[in-house]
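Structure first, commentary second.
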Amino acid sequence: MMDAEPDISERPSLMTLTALPKLSYSYARENGIFTRVDNGQPVIVRRQDCTLAALLEARRIIDCQARVDTLTGAEFEALIAQDYASGDLSETAETALEGPEDLTTLAGNLPRSSDLLGSDDDAPVIRLINGILQEAIKTRASDIHIEPFERRLAVRFRIDGALRDMLDLSARLSSVLVSRVKVMAQLDIAKKRVPQDGRFSLNLGSRAVDVRVSTLPSQYGERVVMRILEKTSALLNMGDLGIDPELLQELQSALAKPNGIILVTGPTGSGKTTTLYAAVTGLNTGAANIMTVEDPVEYALDGIGQTQVNTQVGMSFAAGLRAILRQDPDVVMVGEIRDPETAEVAVQAALTGHLVLSTVHTNSAIAAIARLRDMGIEPFLLASTVTAILAQRLVRRLCDNCKAPYSPSARELSDLGLSRRDLEMSDGQQFYKAVGCPSCAQIGYIKRLGLYELVTMDDHLRGMVHDGAREIDMSAYAFKSRPTLLKSGGAHVLSGKTSVEEVLRVCRASNVAEIE
């Protein structure tokens, strides 16, 4: 039976608060209770199974009248993770400058998967690394850059595709900070003149996160880049990608075919892997054997066989693909076609009745044909196997709270391939520019959206590929009646979702269809 709640009304009230004394995270989570401020008022949040002793301890540390909220286990876990993950990064950084740290202390006994919020180790550099990781996860950063210079150490986050300065630290922190990250990723801290790659797992409350680590020697020390992958992130389905409905229907028709090659193209960070995951998730109905070879496996997909590339033991994309084809697959996903051997095996797989999904690093959809030809694939094989090519980019979405309308210049309209008449015929739609407000951290943008162009192979285009037609001629035909990346961006500008600067930052006119 639940213990009765104590009467806390005799305590004086603190009318407007910004912070309260906190229980340690490990105590709070184990005992099901913590304190927080809600709209300036003190609140004690407790789990349904919280004991009377824990409730009295919470009242003792805040020493004021407080509302008591009782939550279910799931609600409590979500709120405590959010509340304890909201620490101030700059304050954490200041504590790290109090004095030098011994590397032996930094190494510690850190398990491969540790809970940042539950760490009671007060070593300043450890607290700083934890604070940096917490802040990166909280701000949806995809990458953390630790960059040493002559007189400072810069910490930058890539948020929504753009780098943002977060901290400027003392240069003397560089070696211990990098060493700590190396320990977490199980890298050799004695090797400072060669690049190293590793990874580690951690938890932020109920959020499971994988961190990929890359180190690189530079003039003033080692640079570190950490890529953050949330394992608990919900994977998108094809309908959530923001693809134009007409293009989406064509893409899904290509995915429904039993064989062929479907390629997703674009530069690093353009969302290609997310699109591939959405595609195979949609195909994962239990009726097909779906297998992947990836570098690395970013998200675990239930019901799909996933293989990790490991070049140190000879497991390349080509070797993994060959092995997969002996496992009776129906659908094969290859993380990237980056060499002639992988391209050749992928084409052979498509010819023998498999549906192959992969990515290629090119600037446009049609350029993927030229890229595969450069890899030595015969044009007649490309004409027989490639069924669809999707090119994509990600642009930042304007903050709805602060975006401001304005009248675009003739140059801006020209750069987007639009005219004054297009603007007049857009039913009151207008251009917006970024301003900045507290909601978007004064950036003017928040989150991202996709730009897409799709090429599907009809008989005429197959003939052009078979005959080795020029890229510019194939592009002119393919985009005669469908949007290019630039036109897709122009539509988003007219709808007020993004700005001219953002669209032009990621795509410029690169083919005849866009220039005309």
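A few comments on the model shown:
- Whichever residue in region 442-483 is in contact (Cβ under 8 Å) with a residue 60 or more places away in the chain and part of a loop (DSSP other than H, G, I, E, B) and, among such residues, is surrounded by the fewest Cβ atoms within 10 Å (Cβ to Cβ): Asp467
- Qualifying residue in region 464-476 (condition: under 31 Å from the mean Cα position of the chain (by Cα) and not aromatic (Phe, Trp, Tyr)): yes
Each row is one residue, and each column tells you yes or no for (1) under 35 Å from the mean Cα position of the chain (by Cα); (2) more than 11 Å from Ile80 (Cβ to Cβ); (3) of a type in the set (Lys, Arg).
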{"residue": "Gly32", "(1), (2), (3)": "yes, no, no"}
{"residue": "Arg36", "(1), (2), (3)": "yes, no, yes"}
{"residue": "Gly40", "(1), (2), (3)": "yes, yes, no"}
{"residue": "Ile44", "(1), (2), (3)": "yes, yes, no"}
{"residue": "Arg47", "(1), (2), (3)": "yes, no, yes"}
{"residue": "Leu55", "(1), (2), (3)": "no, yes, no"}
{"residue": "Arg59", "(1), (2), (3)": "no, yes, yes"}
{"residue": "Gln65", "(1), (2), (3)": "no, yes, no"}
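- Residue within region 367-376 that is open to solvent by less than 10 Å² (accessible area, probe 1.4 Å), farther than 19 Å from Gly271 by Cβ and within 26 Å of the chain's Cα centre (by Cα) present: no
- Count - residues of region 314-329 that are under 20 Å from Thr281 (Cα atoms) and open to solvent by 70 Å² or more (accessible area, probe 1.4 Å): 2
- Residues (open to solvent by less than 10 Å² (accessible area, probe 1.4 Å), under 22 Å from Gly468 (Cβ atoms) and either within 28 Å of the chain's Cα centre (by Cα) or without any contact (Cβ under 8 Å) to a residue 24 or more places away in the chain (or both)) located in region 343-357: Ala343, Ala346
- For Arg421: the one exception among (1) open to solvent by 60 Å² or more (accessible area, probe 1.4 Å); (2) in contact (Cβ under 8 Å) with a residue 12 or more places away in the chain: (2)
- Among (1) closer than 27 Å to Thr484 by Cα; (2) at pLDDT 90 or above - the single one Leu236 does not satisfy: (2)
- For Ser113, the stated conditions do not hold, so it cannot be described as polar (S, T, N, Q), within 20 Å of Arg212 (Cα to Cα) and modelled with pLDDT of 85 or more.
- Identity of the residue in region 288-311, modelled with pLDDT under 90 and open to solvent by 50 Å² or more (accessible area, probe 1.4 Å), that ends up nearest to Asp210 (Cα to Cα): Ala300
- Scanning region 358-383 for residues that are assigned to a helix (DSSP H, G or I) and without any contact (Cβ under 8 Å) to a residue 60 or more places away in the chain yields Arg371, Leu372, Asp374, Leu381.
The values are calculated or read from the model by the stated rules, or taken from the named source; none is laboratory data. What you see is a predicted model; the values in this text were computed from it and never measured. Glycine also receives a Cβ, built like all others from the backbone with ideal geometry; neighbour counts cover every protein chain displayed. Please note that ligands, DNA and RNA were not included when accessible areas were found on the heavy atoms of the full protein model with its side chains. Shrake-Rupley method; radii C 1.70, N 1.55, O 1.52, S 1.80 Å.
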